[in-house]
Amino acid sequence: MPSANTESVVYYIHDPMCSWCWAFAPVLKQLQEQLPEGVEFRRLLGGLAPDTDEPMSEELQEMVQGSWRRIQQHVPETELNFAFWTECVPRRSTYPSCRAVIAARQQGEPFELLMNSAIQRAYYTQARNPSDESTLVELAGEIGLDVDRFREALRTEAVHQALEAEIAQAREMDVESFPAIVFENQKGNRPIPLVYTDVRPMIEAIETALKKSTEA
């Protein structure tokens with residue numbers, strides 16, 4: 001629940017390697033800019049896929065590429081570089097990139113979004129693999145982090161536990177897929193239906209939730 005001094009929060013639950021989160025990024029920026037006054041915005045890492053060293057099966061690769069193609073149909077301005085699937089060894093492992101976002105955050109709040117965006121650009125437009133620690137360390141240098149400090153933090157139990165805590169919080173909200181938006185206040189949680197091409201319906205849903213929260 002929100003803290004005592006916070007009445008209303010909009011949570012954005014995501015994963016840096018979730019392709020639909022990448023497609024949603026432009027509208028998410030508009031959503032943040034247009035949130036009603038007094039509503040706080042917070043990010044939560046949902047953790048799409050646990051650690052693994054196993055390459056993706058051909059069947060799984062086809063499934064994920066199918067999702068990319070659906071994005072091209074429904075959100076056609078989304079940039080997706082299919083060279084990733086031939087130039088990298090794909091693994092269904094997104095926890096490393098989630099921990100990278102937390103490790104970056106430790107060096108200053110602005111680095112959280114910078115790292116998230118860097119991972120997305122690397123994965124979706126540059127055919128680089130954020131499941132690999134080497135890629136994440138390269139990105140840390142590119143966004144201006146202390147690379148040695150980042151590399152050390154990436155492997156710590158504290159960062160792992162921080163990710164587990166965010167995943168648990170997302171699950172408490174009954175979030176089962178990403179991205180997701182949840183409005184929360186003292187009366188509880190309210191999921192906000194996503195629209196990938198128009199921010200207005202989501203703003204209206206948040207305004208409605210905010211209005212109901214003030215009713216007796």
- Query: If you check CYS98 against the conditions, is it at pLDDT 95 or above and closer than 18 Å to PRO50 by Cα?
  - Reply: yes
Turns out the helices (runs of 4 or more DSSP H) fully within region 126-216 with at least 1 residues that are over 25 Å from PRO110 (Cβ atoms) and small (Gly, Ala, Ser) are 157-172, 200-214
The correct count of residues that are small (Gly, Ala, Ser) and in contact with an Asp or Glu (Cβ under 6 Å, 6 or more places away or on another chain) in region 33-55 is 1
SER117 vs (1) within 13 Å of the chain's Cα centre (by Cα); (2) part of a loop (DSSP other than H, G, I, E, B); (3) not aliphatic (A, V, I, L, M): all pass except (2)
Considering region 131-164, residues that are of a type in the set (S, T, N, Q) and within 20 Å of CYS18 (Cβ to Cβ), and then whichever is surrounded by the most Cβ atoms within 10 Å (Cβ to Cβ), we arrive at SER131
Within region 155-187, residues being farther than 30 Å from LEU31 by Cα and of a type outside the set (S, T, N, Q) number 3
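For (1) part of a helix (DSSP H, G or I); (2) in contact (Cβ under 8 Å) with a residue 12 or more places away in the chain; (3) more than 18 Å from PRO96 (Cα to Cα); (4) in contact with a Lys or Arg (Cβ under 7 Å, 6 or more places away or on another chain), each residue gets a yes or a no:
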| site | (1), (2), (3), (4) |
| --- | --- |
| TYR12 | no, yes, yes, yes |
| PRO26 | yes, yes, yes, no |
| LYS29 | yes, no, yes, no |
| ARG42 | no, yes, yes, no |
| ALA49 | no, yes, no, yes |
| ARG70 | yes, no, yes, no |
GLU112 vs (1) part of a helix (DSSP H, G or I); (2) without any contact (Cβ under 8 Å) to a residue 40 or more places away in the chain: all pass except (2)
query: Is there a residue being surrounded by 15 or more Cβ atoms within 10 Å (Cβ to Cβ), of a type outside the set (Lys, Arg) and under 17 Å from CYS98 (Cβ atoms) anywhere in region 31-38?
result: no
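The values are calculated or read from the model by the stated rules, or taken from the named source; none is laboratory data. Note that this is a predicted model, so its numbers are computed, not measured. We place every Cβ from the backbone using ideal geometry, glycine too, and count neighbours over all the protein chains shown.
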